[in-house]
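Read the figures in this text as sums done on the coordinates, not as results from a lab. These numbers come from a predicted model, not from an experiment. Don't worry about glycine lacking a Cβ; one is built from the backbone with ideal geometry, like all the others, and counts go over all protein chains shown.
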Amino acid sequence: MGFLAKLFKLTILFTGAFILFMIFYYYYSGLAYLPNGYYQTARSMYGDVGVHDIKNLSSILNRTTLPPCKENKFTPSEAASYLEWYLEGHGFDTYIARSDAIHRIWLIVILDDKSRVAVEPTALCQNTYSPPGIVDDPSGKYRNYSITWREYREKKPDTTYKKFLEEYRFYYNPPKIFDNPGQAVGIGAVIRYPGWKKMKVEDIDWWNSEPFSRTVPFSTWD
C-alpha cells in the first residue's frame, strides 16, 4: 500500500510538472499569441511546394502582392508576420528577423540545403512593390533572384556589386530572430533577449487589417 501511495504521488508530481512545462512552452513558443489553427490554416490553403529552393521561393514571391504598407493600417511588421505565415503554408521554414537600432523587420527563409535567404516584406506591398523582395546573400549567390542586383544595375554606382552589397549585410546578421511573430510579442522575446523592448500583439495581427479582416477565416480569428 505504501508503494502504491508513493507511485501515485510521483505520478501526480510528474503530471503536474509536465502540464506546467507544456503551458510554459505554449507561451514561450509564441503559439499562445496566435489564433487557433494559425499554421494549419496556411497549410490547408496553400500546401507544401515539396522542393524548398531559391527558384521555388522566388516563384512564389513573384506572384505575391500585399496590401499597401501604411501606418496604423497595414504596417511593415504586419507585412512580415503575414508573409511568414504565407511562406510557412508553402512549406518554407521561415523566421522573423528584427533590428530595433534601424527600426527594420524582415524574414529569414531556410532552404532545403540549409542556406539562408533574406526577404524584405515591404518590397511586396502595393505601394512599394518590387518583387520578389529577395535580398542577395553577401556572397552574391542569389544575384539573379534579388532586388539588390536589380537596384545595382539601375543605379550603376561607381563600385563593385560585392561592395554595394555591404550596405545590405545586416539582413544576414539580424540582432534578433524569432520562430514566429507570436514569439516576438510574448515571454519568448523577454527570455531570449532580456532588456530589449518586445513588440505588441497589435504589431503582428495582420488578420485584423483589411482586406483580411473582411475575409473568412481571418474574420473569425480573435
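Do we have any residue at all in the stretch 215-222 that's surrounded by fewer than 17 Cβ atoms within 10 Å (Cβ to Cβ), closer than 23 Å to Cys69 by Cα, touching a strand residue (DSSP E or B) at 6+ places or on another chain (Cβ under 6 Å) and among the aliphatic types (A, V, I, L, M)? No. How many residues, within the stretch 175-188, are over 17 Å from Thr94 (Cα atoms) and either of a type in the set (Lys, Arg) or free of Cβ contacts under 8 Å to residues at least 40 places away in the same chain (or both)? Number of matching residues: 0.
Answer with yes or no whether Asp136 is among the charged types (D, E, K, R) and touching a residue at least 40 places away in the same chain (Cβ under 8 Å).
Values: among the charged types (D, E, K, R): yes; touching a residue at least 40 places away in the same chain (Cβ under 8 Å): no.
No.
Okay, residues lined up against (1) more than 13 Å from the chain's Cα centre (by Cα); (2) in contact (Cβ under 8 Å) with a residue 24 or more places away in the chain; (3) surrounded by fewer than 22 Cβ atoms within 10 Å (Cβ to Cβ):
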| site | (1), (2), (3) |
| --- | --- |
| Pro76 | no, yes, yes |
| Ser81 | no, yes, no |
| Glu84 | no, yes, no |
| Asp93 | no, yes, yes |
| Lys114 | yes, no, yes |
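Among the residues making up the stretch 172-196, those that are part of a loop (DSSP other than H, G, I, E, B) and not hydrophobic (A, V, I, L, M, F, W, C) are Asn173, Pro174, Pro175, Asp179, Asn180, Gly186, Tyr193, Pro194, Gly195.
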